[in-house]
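Down below is the structure, laid out as structure tokens.
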Amino acid sequence: MPEAERRSDRGAATIWTAMAVAALTGITTLALWLGAAVIARHQAESAADLGALAAASHASEGPTQACERARWIADRMGVTLLTCRWQQLDALVEIEARGPSLAGLPRPSAHARAGPTGKPP
């Protein structure tokens, strides 16, 4: 094989390796971002459920006090309480996860409803 043909292949492995590393880095970044989004969504759902239960369990103290319990739960779980309202005897709570929204998507949020079971304790 002539010398000119052998020299034209020099550096090809470096280019292929750099492209493979870039592709793996992109895939890893996407996987981490997706995992963080799923965790934030689960956190918002858990906080909404617990906040609604806390509000419903303190309903006898009045709506203001009950919603303060939901806010207390949200603060401890690191999320933001958007709304806490009542519909008859049910507490309706809406929560939004804190942190930056990624890629222009809205922040993860969740809502929950809790109230009496209808059966005496």
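Before moving on, here are some points about what is shown:
- In plain terms, the chain from ARG113 to ILE15 could stretch by 29.7 nm, reckoned as 0.36 nm per residue minus the Cα-Cα distance.
- Computed log₁₀ I(q)/I(0) - Debye formula, equal Cα scatterers, no solvent, the chain, q 0.09 Å⁻¹: -0.43
- Entry note, the chain: the mean residue ellipticity at 222 nm calculated from DSSP H runs of n ≥ 4, each adding -39500 (n - 2.57), is -19000 deg cm²/dmol after division by the residues and rounding to the nearest 500.
- Label positions at SER60 and LEU82, each projected 7 Å from the Cα along the C-beta direction, are separated by 3.3 nm.
- Modelled this way, with points 7 Å down the Cα-to-C-beta line, the labels at ALA31 and LEU105 are 1.7 nm from one another.
No value in this document is a laboratory result; all are computed from the given coordinates. Note that this is a predicted model, so its numbers are computed, not measured. When we count neighbours, we look across all protein chains shown, and the Cβ atoms used for this are built from the backbone with ideal geometry, even at glycine.
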